[in-house]
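These notes are about the structure you will find just below.
The values are calculated or read from the model by the stated rules, or taken from the named source; none is laboratory data. Note that this is a predicted model, so its numbers are computed, not measured. All Cβ positions, glycine included, derive from the backbone under ideal geometry; neighbour counts span all protein chains shown. Heads up: the accessible areas ignore ligands, DNA and RNA and are worked out on the full protein's heavy atoms, side chains in. Shrake-Rupley method; radii C 1.70, N 1.55, O 1.52, S 1.80 Å.
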Amino acid sequence: MGKQEPKIALVGNPNCGKSSIFNALTGLNQKIGNYPGVTVDKKTGHFSLDNGQFVKITDLPGTYSIYPKSQDEEIVYDVLLDPQHPEHPDTLVVVVDASNLKRNLLLCSQVLDLQMPTLVVLSMTDIVEREGSSLDIALLKEELGVPVIPVNARKQSGLQELKRALENPVAPSSQVFCPASKKYQSFIDAAQEVYPKESPYLLMQYAINPKSFHYLPAEKLTFLQALAEQHGLKQSQFQAEETLQRYQRINRILQQALQLNTTLNENLTDKLDRLLTHRFWGYVILVGILFAIFQAIFTLAAYPMDLVESGTSLLSEWLLNTLPAGWGTDLLVNGVIAGVGGVVIFIPQIAILFGFLTIMEETGYMARVSYLTDRLMRSAGLNGKSVIPLMSGLACAIPAVMAARNIGNWKERLITILVTPLMSCSARLPVYTILISLVIPNNYVLGFISLQGLTLLGLYLLGLVTAMAVAFVLSRLIRTAERSLFLLEMPIYRPPRWRNVLLTMYEKAKIFTLEAGKVILVISIILWFLASYGPQDIGWEVGPKAQTEAQDIPGQTTAEAVQLRNSFAGHFGKVIEPAIAPLGFDWKMGIALITSFAAREVFVGTMATIYSVEAGDEDVETVRERMQADTKPGTDQPVYTLATGLSLMVFFAFAMQCMSTLAIVRRETKSWKWPMVQLVYMTGLAYVASLITYQLMA
Amino acid sequence: MNLNKQSVHLSDLKPGQKGIIKDLSACPDASALMEMGCIPGEAITMVARAPLGDPITVKVSGYRLSLRKQQAREIAIQEAALVS
């Protein structure tokens, strides 16, 4: 092999067990990166063979055929067909689900005809055995013309054989699985005369899908396109013909190689489906599961979140006591540590939510959720597949927006992306928590339903209902000729593979920490500067009116309070005060609103700074007490009345206050137009809704 | 077996009924259906309808697939193969 690390790529249908094999080979030795240009989740990892050779492995998104239907499938086409692509593999490993052979072999056969070095891995053979069916692997191998290796990632069997097969150079298939029909022979002859090294199948792909191959020399594409036209090679016709031919050959092979046991008419999946997709119980169970997940997120995450919180404040205190006082220590404690702590605190909730989502995906239940909700989603202009991004949005809009990629229809995908940030993400939770404890009495309805909990639930429902309503409106505004399509595999139910669940939790937490962490850290540092320094610190003239007296701010920390009022942040707050006064907000909330446009969770930190609680300590109780004690200037009325608190919560429910989400939306939609639309409509909605709330309540 | 000229579509099947796919020419998404294993000549069984009557689940090519009623209306199936 060459001096460069050999590259292999895993290809296969969705649900074929590809990720399990990837995880079994690489363990934690993987990273998720982005493709330049279009960003699509790509996973790469490394593992070593027994001869010490390191191998780079790419896990490509699952796809049913080589022809891309959605954005995540496009990448498979790119990587496999573009020899210049950085991930273009030396060896292809096609994963074929033995319990679903017919459909899995279609993609496999197409990949084989690219005539690249290929190995076939057969997964789920245990399911075939359990069913009492039998599969002639030797015959399959002969028909496919490449090695076929059964692998069971659950039991770790077959991995050694796979590694051993990769030690030596792999040869392309010795035969063509599906030779092009005679009528295209003239095209192939003419094309191969110019490009003799490329397989007929590859040349035909170039000719019928020229738009996908921007990287090829223009003259090559024009030549092949003209040639295709001349010889009557048309994309849709060719695709239909070859799909039919391939299935015909696959059927012939399977007639000999696969002995299906048909005595088992009703299996576990049928029985479970009858319950889980029941017209009444199906929905009861769905709502029950969602409610249980929701409860679990908050109760399970509470412990690690408390740990993070007390850890951050202990560290801050220790640093303050150990390091010499000065702006450096101040920056480290109130800027950096507060910022990092604000990121780390959300990791438990995000990891737990994704743990549940992965379990639903792994067991096959997620497809049923889409199935149960497609009709409802469609009336709001969405698709059953929108459920996954919307549910992920409860943890964090960033991965949720990325999860919309598997929606093939552009309009439905766009609307899903546009409304997902209305789902109450975990960053809103600390804001809601502190405001609810300030303005909602800790009473019980009917003796056991907490009024505070009810308010929280109401805020989540507000987000969901608004997302649906906005989707409905958008679906009537955005026009498209593209037909909405819903074709979804309903995989068989199986127990989750815990290794995959844990790895996904780790992965999502890592993406969140890196993506959101960068922004929040930078914002915290900027905020620290803006709140610590003012115009007079850099020698600007400030009129006597702008200087504020200490009595504006409660508590005994007068010097710090005055410093804040006279800081840049304080001036900003005063400037926007007239605009936000009708919503019931004062200049201090104004500062928090400005800073939380970077990220919502900054709100609590800003409040902590504003109320000059012990530097950097984000202990919510103390901030809460200070906020509660705050009175309107010149009166003894509290600032945080029910009207102001509710208005503020409604504002946070709707406003687009997350730079990371805007950045992700720009990447996913490839334009600034849609994040701007999102920023304007959400913030407009927030302003109007808060205005109505405050004016009605006050 | 020419009882009448009206053709039967996948959407006409009741849960548990089986047919053979005859023609996809009325489907705008024929290529997507075909790559999912819905090919002319293949047996297809209606498994269930979603609680709101739409989408539906079918068994085809050895697995379960769900699709919308509108798409099922466009898939012509062979009447003769109708067996409960």
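For region A:182-259, calculate the relative contact order in percent as a whole number, restricting contacts to Cα pairs under 8 Å that are 6 or more residues apart. Walk me through the intermediate numbers first.
Values: 35 pairs, mean separation 24.5, N = 78.
31 percent.
Taking every residue in B:51-60 and counting other chain Cβ atoms within 10 Å of its Cβ, the average works out to 5. To the nearest 10, the accessible area of A:His571 is 40 Å² with a 1.4 Å probe.
Indicate the gyration tensor shape class of the protein assembly as shown (rounded, prolate or oblate), computed on the Cα atoms with a ≥ b ≥ c the square roots of the eigenvalues: a/c under 1.5 is rounded; otherwise a/b larger than b/c is prolate and the rest oblate.
Numbers: a/c = 2.21, a/b = 1.84, b/c = 1.20.
Because a/c hits 1.5 or more and a/b exceeds b/c, the protein assembly as shown counts as prolate.
Ordered by 1.4 Å accessible area with all protein chains kept, A:Phe448, A:Phe603, A:Phe223 run largest first as A:Phe448, A:Phe223, A:Phe603.
Buried on complex formation within region A:90-136 (loss of at least 50 square angstrom of accessible surface versus the isolated chain, 1.4 Å probe, ligands and nucleic acids ignored): A:Lys102, A:Arg103. Label separation (A:Gln248 vs A:Leu514): 4.8 nm, computed from points 7 Å beyond Cα along the C-beta direction. Rounded, prolate or oblate, given the Cα gyration tensor of region B:8-83, with a/c below 1.5 counting as rounded? Because its axes are fairly even, with a/c under 1.5, region B:8-83 counts as rounded.
Per-residue surface analysis assigns B:Lys22 an accessible area of about 100 Å², computed on protein heavy atoms at 1.4 Å probe radius. Accessible area per residue for the protein assembly as shown is 43 Å², calculated with a 1.4 Å probe on protein heavy atoms, without ligands, DNA or RNA.
Accessible area ranking (1.4 Å probe, heavy atoms, ligands and nucleic acids excluded), largest first, for A:Lys670, A:Lys155, A:Lys141, A:Lys18: A:Lys155, A:Lys670, A:Lys141, A:Lys18. The mean sequence separation of alpha-carbon pairs under 8 Å and at least six residues apart, normalised by the residue count of chain A, gives a relative contact order of 11 percent.
Close Lys pairs in chain B (alpha-carbon distance under 18 Å; sequence gap of 8 or more, or different chains): 9. With the simple model of a label 7 Å out from the Cα in the direction of the Cβ, A:Arg476 to A:Ser186 spans 5.4 nm.
Scanning residues 5 or more positions from A:Lys43 or on other chains, those with amide H under 5 Å from its amide H are A:Asp59, with H placed 1.01 Å from N in the peptide plane. Label sites at A:Ala469 and A:Leu376, each approximated as a point 7 angstrom past Cα along Cα to Cβ, lie 1.8 nm apart. Relative to the current alpha-carbon distance between A:Leu268 and A:Thr433, full extension at 0.36 nm per residue lengthens the span by 55.1 nm. How many percent of DSSP beta bridges within chain A run antiparallel, rounded to 5? Within chain A, antiparallel bridges account for around 50 percent of the total.
With r defined as the distance between the Cβ atoms of B:Lys14 and A:Lys234 and R0 fixed at 30 Å, what FRET efficiency is calculated, to the nearest 0.05? Walk me through the intermediate numbers first.
Working: r = 38 Å, r/R0 = 1.27.
The computed FRET efficiency comes out at 0.20.
Per-residue Cβ counts within 10 Å, from other chains only, averaged over B:26-38: what number is that?
On the way: counts 0, 0, 2, 6, 4, 10, 8, 4, 10, 16, 8, 10, 2.
Per residue, the average neighbour count from other chains is 6.
Using +1 at the C-beta of Lys and Arg and -1 at the C-beta of Asp and Glu, which of A:Pro200, A:Tyr681, A:Ala257 has the Cα lying farthest in the positive direction of the dipole of the protein assembly as shown? Farthest towards the positive pole: A:Ala257.
Just the protein heavy atoms count here, and of the accessible area of region A:166-280 at 1.4 Å, carbon and sulfur take up 55 percent.
Rank these by accessible area, largest first, 1.4 Å probe: A:Glu361, A:Glu412. Before the final figure, lay out each step's value.
Numbers: A:Glu361 95, A:Glu412 10 Å².
Putting A:Glu361, A:Glu412 in descending order of accessible area: A:Glu361, A:Glu412.
Rounded to the nearest 0.05, the FRET efficiency derived from the C-beta distance between A:Glu193 and A:Glu5 at R0 = 30 Å is 0.25.
Summing both sides, how much accessible area is buried between B and A? Use a 1.4 Å probe and give Å² to the nearest 100.
On the way: alone 5260 and 31460 Å², together 33660 Å².
Approximately 3100 Å², summed over both chains.
For peptide A:485-493, what's the mean number of Cβ atoms from other chains within 10 Å of each residue's Cβ? Walk me through the intermediate numbers first.
Numbers: counts 8, 8, 12, 8, 6, 9, 2, 2, 0.
Mean shielding by partner chains, rounded to a whole number: 6.
Would you list which lysines come within 18 Å of A:Lys182, measuring only between C-alpha atoms, while excluding same-chain residues fewer than 8 positions from it? The qualifying lysines are A:Lys234.
Any of A:Lys69/A:Lys670; A:Lys163/A:Lys508; A:Lys56/A:Lys102 with alpha carbons more than 21 Å apart? Name them for me.
Values: A:Lys69/A:Lys670 18 Å; A:Lys163/A:Lys508 28 Å; A:Lys56/A:Lys102 30 Å.
Correct reply: A:Lys163/A:Lys508; A:Lys56/A:Lys102.
Secondary-structure-derived ellipticity at 222 nm for chain A, considering helices only, amounts to -18500 deg cm²/dmol, per-run term -39500 (n - 2.57) for DSSP H runs with n ≥ 4. Given a 1.4 Å probe and the protein chains as shown, A:Ile347 ends up with an accessible area of around 40 Å².
Within region A:369-387, the residues that become at least 30 Å² less accessible when every protein chain is included than when their own chain is isolated (1.4 Å probe; DNA, RNA and ligands ignored) are A:Tyr371, A:Arg375, A:Arg378.
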